[in-house]
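Trainee: Before I ask anything, let me first share the structure, which is written out below as structure tokens.
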Amino acid sequence: MGLLNALRAVRCYLSPLSTSKSWFSTKASLLGDRNILLMGAPGAGKTSVGRIVAHRLGLPVIDVDDDVLETTWKMPVAAKLAAVGGERFLEEEGKALCNFSASGCVVSLTGSNPLHTAAMQHIKESGLVIFLDVDSEDIIQRLTRMKVNRIVGQETGTSMRDILHYRKQFYERWLDMRVLCGTGDTVEEVAEKVLKAMERYQNHVSETFVSTRSDSVDSKTFFSDVVVEGLATDGGLYVPKNGFPNIDAREWVRLVHKSYPERALMLLEKCIHPLDVPALDLRTMIFKAYGSNFSSEEIAPVKHLTNNQYIQELFHGPTASFKDLALQLMPQLFAYCLPQMCNYLILVATSGDTGSAVLSGFSSLSGSDTHRTGVLVFFPEEGVSEIQKLQMTSYREGNARAVSILSDFDFCQRSIKRMFGEAGLTGHIAVEYSTVLSTANSINWARLLPQVVYHASAYLDLCRDGVIKFGEPIDVCIPSGNFGNAMSAVYAKQMGIPIRKIICASNHNRIITDFITTGEYDLRARPLALSHSPAIDILKSSNMERFIHHVSDGDSLLVKELFTRLDRQQHFKVPEPLLGRIQQEVLAGWCSEEDCLAAIHSVHTHTGYLMDTHTAVAKVVADRLQDASCPMVLCSTAHYGKFAPAVFKALQIQNIPEDPVEQLKMLGSSASRPGIHRDLMKCLQESSRKEHTVCQADYGALVEEVDNMIQKSFLKVM
């Protein structure tokens with residue numbers, strides 16, 4: 001073994017110029033002369049995995065313990081640690097690594113290398129750092145069998161579990177790509193994952209996006225492009241060209257006991273290429289998005305309601321709606337991907353919750369990003385609750401504000417899509433003001449993607465709490481208007497979450513229910529009827545386009561034909577075989593106003609739980625369509641305090657105070673759970689009923705508001 005190690009060391013100390021190219025296979029050329037740097041905890045299998053990967057690629061292999069440290073020190077690593085102690089050992093180890101040079105090799109780092117900043121900065125410059133994220137229990141069992149005695153920290157009597165926990169922060173700091181190892185993965189399986197990770201890193205073009213209305217096979221539109229552009233130039237919506245990654249069951253099991261931010265990080269790393277957003281930057285954004293700004297440490301907790309029904313509370317964010325789960329992250333992604341030397345105006349149509357969530361999310365940006373980005377929200381004057389209106393109109397300073405329209409949500413959304421499609425308007429804004437239009441509605445991929453996480457998280461919570469074992473099915477019921485929430489559940493299922501039924505719940509506008517039942521999308525002579533659940537008072541569901549693209553296996557010609565017909569004729573009908581596929585993917589039902597209020601009253605009477613009106617719609621539909629053979633998760637999309645008048649009506653409470661703050665206090669005192677929302681209360685206490693801009697239902701008036709907003713927000717280019 002000594003001779004072999006010496007030969008390895010000689011091969012790997014060759015300079016880049018003298019390394020023989022004949023050693024490299026076709027696969028090895030993926031990274032050229034860069035090293036493959038395997039990082040992980042002691043006992044993660046770096047040495048064994050490194051040998052397999054090197055053999056598969058025809059590359060030299062270096063084990064830092066054997067080939068660098070012991071060669072440099074002329075003594076075993078364990079003896080060195082015993083002789084100098086842990087602190088001195090880390091310095092000596094770091095110094096040896098700083099003097100190390102190699103190219104085109106597979107390098108297995110030690111478990112303690114990442115604790116030395118200078119050494120890691122030096123070695124990281126030479127290659128791609130792949131973190132073998134192995135389950136701690138697997139590692140502890142492996143180290144116990146191996147009787148390892150050369151791990152820094154052992155000499156002080158620190159438990160191995162504590163050592164691993166402490167070191168995790170350093171591994172997260174230096175990784176370029178994570179290889180999430182399933183519980184019980186063999187070294188051969190981990191090596192295969194490493195090879196796939198390398199191929200993914202090099203093959204950035206495999207993670208491009210296409211429009212739902214384009215069959216172009218030459219698309220080079222990356223994640224960083226679609227975040228900023230929002231809507232495709234042909235009027236379609238962006239979707240990943242090759243779909244979502246499917247995650248192995250053993251990897252899902254690893255996430256069961258993780259926190260919500262950790263789950264989000266590990267899932268979104270698989271969906272966002274590191275060349276678009278590097279892992280460390282993504283981590284920073286995610287932990288900022290899902291932190292103390294949420295009133296629950298669990299972020300999106302799942303609570304038992306009754307029998308086999310559970311509620312996922314998606315309202316603990318700063319604006320008390322499920323939109324916060326996406327819009328505390330999306331603005332950070334948007335700002336990160338912004339091209340230089342250009343301003344962006346985010347146009348948003350809202351039926352209530354999106355508006356305040358967008359304003360909150362973009363207002364939390366810091367630095368130069370706040371000066372280069374403006375937000376203009378359009379909402380229906382009579383189509384949102386009083387509290388929703390107060391939330392939105394409280395933003396009057398800086399580059400963010402809301403304008404109400406004397407029409408409905410569909411008019412607001414249709415007007416924004418029209419602006420994006422008018423080259424004369426977008427060209428004028430670009431040339432005259434150096435400003436580009438974008439959107440933060442769920443038509444923007446970066447708005448939809450984070451929502452996949454909470455559907456996965458609900459399932460993992462049920463596994464963690466012992467309600468189910470991984471692999472057993474659940475049903476979900478989702479209040480549906482623009483279909484983004486339901487679409488994100490479809491994508492979670494595509495990633496491997498065992499969702500059996502995705503049930504879309506409509507109020508009395510029921511356009512989605514009618515379509516899923518009949519295959520006919522018909523807007524003709526169909527006025528929008530206001531309801532107690534205004535966030536789903538929508539007739540033209542934007543994300544239905546993504547859904548039809550999905551169930552038709554990416555038939556962009558069909559999608560273009562259907563939605564062009566919908567724009568022009570207000571109607572389309574899908575072919576019968578496609579309707580069958582739609583009904584295999586989703587179910588749908590609708591709820592009357594009376595049944596909605598009755599459900600709030602009944603659940604409160606029997607359980608003490610107080611639902612908002614949208615959750616009540618889901619409850620009514622779930623009761624009708626579930627067969628009770630598996631757990632049902634109801635998506636609770638808003639806190640009851642946002643729709644106080646309707647909830648008072650449901651509870652049959654008289655003598656309601658006029659002050660929204662007092663209304664919220666009264667409702668909170670009547671509910672055993674959930675409690676009063678802290679941020680909603682703060683917003684109401686600080687807000688006042690001031691005049692806000694109200695526009696006629698005229699497209700030209702909305703364009704004028706856009707022009708005024710740009711002039712107020714950005715300096716005119718001379």
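Trainee: Take residue 598 and decide whether it is open to solvent by 10 Å² or more (accessible area, probe 1.4 Å) and out of contact with any helix residue (DSSP H, G or I) (no Cβ under 6 Å at 6 or more places or on another chain).
Mentor: Taking the combined requirement at face value, the residue satisfies it.
Trainee: In segment 647-659, which residue that is open to solvent by 10 Å² or more (accessible area, probe 1.4 Å) and in a helix (DSSP H, G or I) is nearest to residue 353 (Cα to Cα)?
Mentor: Filtering segment 647-659 for residues that are open to solvent by 10 Å² or more (accessible area, probe 1.4 Å) and in a helix (DSSP H, G or I), the one nearest to residue 353 (Cα to Cα) comes out as 649.
Trainee: If you take just the strands (runs of 3 or more DSSP E) that sit entirely in segment 35-148, which of them hold at least 3 residues that are out of contact with any Gly (no Cβ under 7 Å at 6 or more places or on another chain), open to solvent by 10 Å² or more (accessible area, probe 1.4 Å) and free of Cβ contacts under 8 Å to residues at least 60 places away in the same chain?
Mentor: Result: empty, no element qualifies.
Trainee: Is segment 662-669 home to any residue that is closer than 18 Å to residue 486 by Cβ and among the hydroxyl-bearing types (Ser, Thr, Tyr)?
Mentor: no
Trainee: Okay, moving on. Just a yes or no: is a residue in segment 249-259 among the aromatic types (Phe, Trp, Tyr), part of a helix (DSSP H, G or I) and either at pLDDT 95 or above or open to solvent by less than 50 Å² (accessible area, probe 1.4 Å) (or both)?
Mentor: yes
Trainee: Select from segment 296-318 the residues that are over 18 Å from residue 453 (Cβ atoms) and assigned to a loop (DSSP other than H, G, I, E, B) and write down the one among them that is least open to solvent (accessible area, probe 1.4 Å).
Mentor: That would be 308.
Trainee: Can you name the residue in segment 360-395 that is part of a loop (DSSP other than H, G, I, E, B) and either more than 27 Å from residue 657 (Cα to Cα) or free of Cβ contacts under 8 Å to residues at least 24 places away in the same chain (or both) and, of all such residues, is least open to solvent (accessible area, probe 1.4 Å)?
Mentor: Selected residue: 365.
Trainee: Turning to a different aspect of this structure: When the residues of segment 173-191 are filtered to those that are surrounded by fewer than 18 Cβ atoms within 10 Å (Cβ to Cβ) and part of a loop (DSSP other than H, G, I, E, B), which remaining residue is nearest to the chain's Cα centre (by Cα)?
Mentor: 183
Residue-by-condition table, conditions (1) over 20 Å from residue 325 (Cβ atoms); (2) in a helix (DSSP H, G or I):
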| site | (1), (2) |
| --- | --- |
| 426 | yes, yes |
| 432 | yes, yes |
| 437 | yes, no |
| 442 | no, no |
| 447 | no, yes |
| 451 | no, yes |
| 454 | no, yes |
| 457 | no, yes |
| 460 | no, yes |
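Trainee: Just the residues that are in contact with an Asp or Glu (Cβ under 6 Å, 6 or more places away or on another chain) and within 16 Å of residue 513 (Cα to Cα), please, taken from segment 550-602.
Mentor: Within segment 550-602, 571, 573 qualify.
Trainee: Just to verify a result, which residue in segment 134-157, among those that are at pLDDT 85 or above and aliphatic (A, V, I, L, M), is farthest from residue 86 (Cα to Cα)?
Mentor: 134
Trainee: Looking at (1) modelled with pLDDT under 95; (2) open to solvent by 30 Å² or more (accessible area, probe 1.4 Å); (3) outside any helix (DSSP H, G or I); (4) on the phi < 0 side of the Ramachandran plot, can you tell me which one residue 344 breaks?
Mentor: Condition not satisfied by residue 344: (2).
Trainee: Quick test for you: out of 588, 616, pick the one residue that is assigned to a helix (DSSP H, G or I), among the aliphatic types (A, V, I, L, M), closer than 30 Å to residue 649 by Cβ and touching a residue at least 40 places away in the same chain (Cβ under 8 Å).
Mentor: Result: 616 is the single residue among 588, 616 that is assigned to a helix (DSSP H, G or I), among the aliphatic types (A, V, I, L, M), closer than 30 Å to residue 649 by Cβ and touching a residue at least 40 places away in the same chain (Cβ under 8 Å).
Trainee: Looking only at segment 208-225, filter to residues that are out of contact with any His (no Cβ under 8 Å at 6 or more places or on another chain) and in a helix (DSSP H, G or I); which one of those is surrounded by the fewest Cβ atoms within 10 Å (Cβ to Cβ)?
Mentor: 225
Trainee: Let me ask another. Please verify whether residue 679 is within 22 Å of residue 357 (Cα to Cα) and at pLDDT below 95, treating the condition exactly as stated.
Mentor: yes
Trainee: Inspect segment 226-242 for any residue being part of a strand (DSSP E or B) and either of a type in the set (D, E, K, R) or open to solvent by less than 10 Å² (accessible area, probe 1.4 Å) (or both) and give the result as yes or no.
Mentor: yes
Trainee: Can you tell me which residues in segment 637-646 are outside any helix (DSSP H, G or I) and not hydrophobic (A, V, I, L, M, F, W, C)?
Mentor: Correct list: 637, 639.
Trainee: Answer with yes or no whether residue 205 is touching a residue at least 60 places away in the same chain (Cβ under 8 Å) and either under 30 Å from residue 470 (Cα atoms) or outside any loop (DSSP other than H, G, I, E, B) (or both).
Mentor: No.
Trainee: Could I ask something else about it? How do the pairs read when you match residues in segment 235-252 that are over 16 Å from residue 469 (Cα atoms) with residues anywhere that are in a helix (DSSP H, G or I) and of a type in the set (Ser, Thr, Tyr), using Cβ under 7 Å and keeping only pairs 6 or more apart or on different chains?
Mentor: Hits for this filter: 242/206; 244/491.
The values are calculated or read from the model by the stated rules, or taken from the named source; none is laboratory data. Quantities reported herein were computed from a predicted structural model and do not represent experimental measurements. Every residue, glycine as well, gets a Cβ built from its backbone with ideal geometry; the counts of neighbours run over all protein chains shown. To get the accessible areas, we keep the full protein, side chains included, count just its heavy atoms, and leave off ligands, DNA and RNA. Shrake-Rupley method; radii C 1.70, N 1.55, O 1.52, S 1.80 Å.
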